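Take a look at the structure set out below.
The values are calculated or read from the model by the stated rules, or taken from the named source; none is laboratory data. Quick caveat, the model's predicted, so the values are computed rather than measured. All Cβ positions, even for glycine, are placed from backbone atoms using ideal geometry, and neighbour counts span all protein chains on display. What goes into the accessible areas is simple: the full protein's heavy atoms, side chains included, and nothing from ligands, DNA or RNA. Shrake-Rupley method; radii C 1.70, N 1.55, O 1.52, S 1.80 Å.
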Amino acid sequence: MKVIELKNVNKTFHRSGGQKLLRHYLEDILGKTDPEQFFALKDVSFSIRDGESVAVIGANGAGKSTLLSLVTQLVPPSTGTLDVRGRTAALLDLGSGFHPDLTGRENILLNASLLGFSRKQAHDLYDSIVEFSELDDFIKEPLRTYSNGMMLRLAFSVAVNLDPEILIIDEVLAVGDQKFQAKCTEKIFEIRNQGRTILCVSHVSPTLQLLCERALWLDHGQLVMDGPIGEVAAAYEGRLTRQG
Amino acid sequence: MWKGDYLFLLQNLVVKDFKIRYRNMSLGVFWSLLNPLVMMSALTFVFTAVFPNNQIENFPIFVLCGLVPFNFFTVAWQNGTISVANNAGLIKRVPVPREIVPIATVLSTCVHLGIQIGLLLVMVLVFGRGLNWNWLWLPVVWGVEILFVCGLTLMTSALDVYIRDVRYVVESACTLLFWMVPVFYAIHSVPQSYANIYQFNPLSALILALRTILIDGAAPSSTLLLKLTFSSTLVFALGLYVFHRLKRQFFDYL
């Protein structure tokens, strides 16, 4: 079964996007600025089957983050079709739903509800999230008293313990100290071995090559190569050394 | 599509807003009581000592019936309008239904409102007419009012994402409204031809209904209730429509 399917997807952004005041619109109308568009993704088509683990590689600005925003349905494609079946949990910017004035416990419940969990599911999973995060008594303290590492540990624990059908990872494999990092990697492998679908954006690394069987190589918004990770990684690194 | 538990999410967002607001105030809930009491005293001084001939009995209660809805309306509308733009982090990273953000902001103001309504009712019990069966109308008129504010907020919060000036327009509109709704004057001082229009403004209609219930001890008139319900439902439907049309492009503008 195909869980993610993209057909001829284009995504364009205005160069003058972002925050706007009334005078910016007036300037647009009066023709002072020309609303230039650029393609973040250009004619991208691929599909991912249930249980596949796929890496997305490419240089900065190649469209990797845009691709993840599309797959998590944060933004619609400009043209083309996109189909996603199943509940996605994104480890995009870890802890984006967190608030420093809330306690660890309150943040867990808030994040669980944001990710689409019912009250009962969230309370059932609560203990395993706390246990995995190794935060112990700190869970009753406001988040602003946490160290950066502790916060990342909490965010990671919430996302991986909520049993996502499609796990989306954005360069966050480096979480906390080495011991916790090993634990996270192990957990991600466990999720993969349970037959979940994984989409991972990361730099090419030995761990990535073990985790994913397939890779998509994006370059300037276009899909250049799609195949077994070994071949794609070799071609990608070959290109880098030739350029360097 | 996001297929989560709407109620659980709404509850968590409301609790979040409320806790953040009150944890940063040393006197907490006390501030919710202080502001209307100070305003009530000031307006009572102005309209009973400076302009003594207004012929309104029990002026402090009269003006409090105007202040409590007005405060709720302005705070909820202003906070709600900036809520989508201020929660850009959430909107850009979590695929929650976007409507829930402004609605949760409005509802979190209701906690604050509950405290102020409590104050109003205590004042009525102590200085006014006391309890009567028509108090059962209170949840109805407040419910319709909250629906109205949600609709208005859906509209302005979506527009604010596209044009950040909208929040300043809302701010000015609130200052203007203090004079254009009967907070400190009675509706019978308004010429008849204008008074009918007042009832279509749900905020004015609510203030009039509150005075009828709490000061006159009577049920609000059916035409008033109809106008209040009609305009609130219309604004809510329009708000949902506008928000739905605009939300697709939020990501590009945040």
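Listing for the model above:
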| quantity | calculated |
| --- | --- |
| Euclidean distance between Cα centres, region B:95-155 to region B:162-233, Å | 15 Å |
| Carbon/sulfur fraction of accessible area - chain A, other protein chains in place, 1.4 Å, % | 50 percent |
| Using alpha-carbon coordinates, inclination of helix B:166-180 to the longest axis of chain B, degrees | 10 degrees |
| Gain in span if fully extended, residue A:124 to residue A:105, counting 0.36 nm per residue against the direct Cα distance | 5.5 nm |
| Hydrodynamic radius (Kirkwood) for region B:6-253, which is based on Cα pairs only, to one decimal in Å | 19.0 Å |
| Fraction of accessible area attributable to carbon and sulfur, region B:109-254 (%, probe 1.4 Å) | 72 percent |
| Cα gyration tensor shape for chain A, rounded if a/c is under 1.5, else prolate or oblate | oblate |
| Choice from B:85, B:49, B:237 showing the highest fluctuation, given a GNM over chain B with Cα pairs closer than 10 Å | B:49 |
| Distant-in-sequence amide H partners of residue A:165 (H built 1.01 Å from N, under 5 Å) | A:87, A:89 |
| Shielding by partners - mean other protein chain Cβ count within 10 Å, residues of B:159-168 | 3 |
| Under 16 Å from residue A:187, Cα to Cα: lysines that are on another chain or at least 8 residues apart | A:179 |
| Between 0 and 90°, nearest 10: helix A:178-193 axis offset from chain A longest Cα axis | 70 degrees |
| Partners for residue A:64 among lysines (Cα-Cα distance below 22 Å; same-chain residues under 8 apart left out) | A:2, A:7, A:11, A:42, B:92 |
| Mean accessible surface per residue for region A:132-208, computed with a 1.4 Å probe while every protein chain stays in place, in Å² | 45 Å² |
| Cα gyration tensor shape of region B:97-209, rounded if a/c is under 1.5, else prolate or oblate by comparing a/b with b/c | oblate |
| Local electrostatic count at residue B:158 - Lys and Arg +1, Asp and Glu -1, tallied over other residues with Cβ under 9 Å | +2 |
| Two-decimal Rg/Rh across the protein assembly as shown, once Rg and the Kirkwood Rh are taken from alpha-carbon atoms | 1.06 |
| Per-peptide average of other Cβ atoms within 10 Å, ordering A:107-118, B:241-252 highest first | A:107-118, B:241-252 |
| Helix A:104-114 axis, angle to chain A major axis (alpha carbon atoms, nearest 10°) | 40 degrees |
| Residue among B:204, B:222, B:108 with the largest mean-square fluctuation in a Gaussian network model of chain B, springs linking Cα atoms under 10 Å | B:222 |
| Protein accessible surface hidden between A and B, which excludes ligands and nucleic acids, total in Å², probe 1.4 Å | 3000 Å² |
| Å² per residue, accessible surface of region B:1-101 at 1.4 Å | 47 Å² |
| Check: region A:101-244 dipole with +1 on Lys, Arg Cβ and -1 on Asp, Glu Cβ, in debye | 140 debye |
| Total charge dipole magnitude, chain B, about the Cα centre, Cβ charges on Lys, Arg, Asp, Glu only, Debye to nearest 20 | 700 debye |
